[in-house]
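The values are calculated or read from the model by the stated rules, or taken from the named source; none is laboratory data. It should be emphasised that the depicted structure is a prediction, and the values quoted were computed from it without experimental measurement. Using ideal geometry, Cβ is built from the backbone for each residue, glycine included, and neighbour counts are taken over all protein chains shown.
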Amino acid sequence: MDEEESSPYQPPRRPSAGLDWSAATEPERICESHEEEAASPQAKRGSRRGWWRTGLLGLACAVIGGVLGGVIVAVARDEGSAPLGTTPAATKSPAPTVNIASGSGLPAVIARVRPAVVKIESTRRTNAGVERDVGSGVLIDKLGHIVTNAHVVLGTETLKVILADGSELPAILIGHDSPFTDVAVLQIGPPPGIEPVTAGDSASLQVGEPVVAIGNPLAEFAGSVSAGIVSGLNRKRTFDGVRQDDFIQTDAPLNNGNSGGALLNAAGEFIGMPTAVLRQNPGGSPVQGIGFAVPSARVMLVAQVIIAAGGAYPRPTLGLDHLDLTADATLRACRLGVDTGAVVIGLAPGGPAATAGVQLCDVITKVGDDPVDHDHPLLNALVSREAGQTVKVVLNRNGRIIEAEVRLAKRG
């Protein structure tokens, strides 16, 4: 499901006007949504809005092209280990290994872990009316902290968690790391009698290893269990303008509502968060059995930082909104003479980039020593940097190469 990010921790949103997004396909989320007061059943959610109104772009330049998007439909997202650095090794539990393929010992494992995988229900207001969404979450400690996908909870007006016994509890959003990763943390009151999941060592996974997914597909099949194997490791995908390179690929069946749930190893340990699935290839042919999960090491690291900070994962910002020029999305705007880099389509008044002299329609081609091109989106050049750091930004302005010194701010 696409999120309309209105939490206090929101990143910049793309303007909804001035660019033709009709040919682009946004990643499909694996959470289930239902319109309750929709004005039109066919109406889609509005595009993301930026900090800045798209009138800024209209005043600066005429956008004369559009985006020809890819047709990969995905269900969620998370981030790559390389851009964010190393993650601590998870502590292994003494839980016995079972044979998932034969089902030997599997019911006992599921019975032990299933209560820690909860249903998350939310409502949000869209252009089409009020929409109810359903996703999944995983209890990670006895304080009631729950990890889930950020797209499940961003832009919501109400949030509640439903436990396996049917109990409904209000939930608050502690923080998230979108768009850098699709990880968010909720908190409910300490759930009595429910043991949190044990985090496994996602770095030790092997291709062919059996896995089990638990979630709430299609909003009505609560606590559903599906089995498969690890089909691949360190898969690379780009979601929300960030190149991720550590996805776990699995053929365990995943459907809308599985977003934010649990992927378990044979010992019943939490080793990944189901977050994306391919529905069709670039040619439009149906695709089956290709799902992606965020490694648990990444999920737990981001969650720990969010919990400690009591808010959003600290990230730097240039104070601008941009659109990456990619091989799959050709943009002809502002008479650009280049087809690679990141075009500036919005500026925060008085922000870091504006203060440094960056202008609308500039194309960013490098940040420090990091190139910005088809394989290296702009946001990936920021993940290893910190607020307060000054970086050299190389710009292409109508064919002229310009360098600007930008002091990164902390995103709000």
Filter result for residue 291 (buried (at least 24 other Cβ atoms within 10 Å of the Cβ), assigned by TED's automatic domain parsing to the domain that holds residue 114, closer than 30 Å to residue 209 by Cβ and modelled with pLDDT under 95): yes
Determine which single condition residue 353 fails, assuming it passes every other condition in (1) at positive phi; (2) at pLDDT 95 or above. (1)
Is there any pair with a first residue in the stretch 388-404 that is not assigned by TED's automatic domain parsing to the domain that holds residue 355 and at pLDDT below 95 and a second that is crowded, with 18+ Cβ neighbours inside 10 Å and part of a strand (DSSP E or B) whose Cβ atoms are under 7 Å apart and which are 6 or more apart or on different chains, and what are they? none
Could you please give the count of residues in the stretch 135-163 that are closer than 21 Å to residue 189 by Cβ and either free of Cβ contacts under 8 Å to residues at least 24 places away in the same chain or among the aliphatic types (A, V, I, L, M) (or both)? 12
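May I ask you to say which residue of 141, 78 is part of a loop (DSSP other than H, G, I, E, B) and at pLDDT 95 or above?
Going through 141, 78 in turn, the sole match is 141.
Which residues, taken from the stretch 110-143, are farther than 16 Å from residue 197 by Cβ and of a type in the set (D, E, K, R)?
121, 124, 125, 131, 132, 133
Scan the stretch 214-225 and tell me whether some residue there is among the hydroxyl-bearing types (Ser, Thr, Tyr) and touching a strand residue (DSSP E or B) at 6+ places or on another chain (Cβ under 7 Å).
Yes, because at least one residue in the stretch 214-225 is among the hydroxyl-bearing types (Ser, Thr, Tyr) and touching a strand residue (DSSP E or B) at 6+ places or on another chain (Cβ under 7 Å).
Can you tell me which residue in the stretch 284-323 is farthest from residue 381 (Cα to Cα), limited to those that are outside any strand (DSSP E or B) and among the charged types (D, E, K, R)?
Restricting to residues being outside any strand (DSSP E or B) and among the charged types (D, E, K, R), the top hit is 298.
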Which of the residues spanning the stretch 230-253 are among the hydrophobic types (A, V, I, L, M, F, W, C) and more than 21 Å from residue 302 (Cβ to Cβ)? 230, 252
Going by the conditions given, is residue 145 of a type outside the set (A, V, I, L, M), within 18 Å of the chain's Cα centre (by Cα) and more than 19 Å from residue 252 (Cα to Cα)? no
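Answer yes if at least one residue in the stretch 254-271 is of a type in the set (D, E, K, R) and either under 24 Å from residue 198 (Cβ atoms) or buried (at least 19 other Cβ atoms within 10 Å of the Cβ) (or both), and no otherwise.
Initial filter on the stretch 254-271 (of a type in the set (D, E, K, R)): 269.
Next cut, either under 24 Å from residue 198 (Cβ atoms) or buried (at least 19 other Cβ atoms within 10 Å of the Cβ) (or both) only: 269.
Scanning the stretch 254-271 turns up at least one residue that is of a type in the set (D, E, K, R) and either under 24 Å from residue 198 (Cβ atoms) or buried (at least 19 other Cβ atoms within 10 Å of the Cβ) (or both).
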Members of the stretch 303-322 that are over 19 Å from residue 390 (Cα atoms) and surrounded by fewer than 21 Cβ atoms within 10 Å (Cβ to Cβ): 304, 305, 307, 308, 309, 310, 311
Report yes if residue 275 is farther than 23 Å from residue 105 by Cβ, of a type in the set (Ser, Thr, Tyr) and modelled with pLDDT of 90 or more, otherwise no. yes
If you scan the stretch 121-145, which residues turn out to be buried (at least 16 other Cβ atoms within 10 Å of the Cβ) and either touching a Leu at 6+ places or on another chain (Cβ under 7 Å) or small (Gly, Ala, Ser) (or both)? 122, 128, 135, 136, 137, 144
For the stretch 165-176: of the residues being assigned to a strand (DSSP E or B) and under 22 Å from the mean Cα position of the chain (by Cα), which is surrounded by the fewest Cβ atoms within 10 Å (Cβ to Cβ)? 172
Kindly indicate whether any position in the stretch 263-283 is farther than 24 Å from residue 201 by Cβ, out of contact with any helix residue (DSSP H, G or I) (no Cβ under 6 Å at 6 or more places or on another chain), of a type in the set (Gly, Ala, Ser) and in a loop (DSSP other than H, G, I, E, B). yes
Filter the stretch 147-164 down to the residues that are β-branched (Val, Ile, Thr), closer than 17 Å to residue 222 by Cα and part of a strand (DSSP E or B) and list them by number. 148, 161, 162
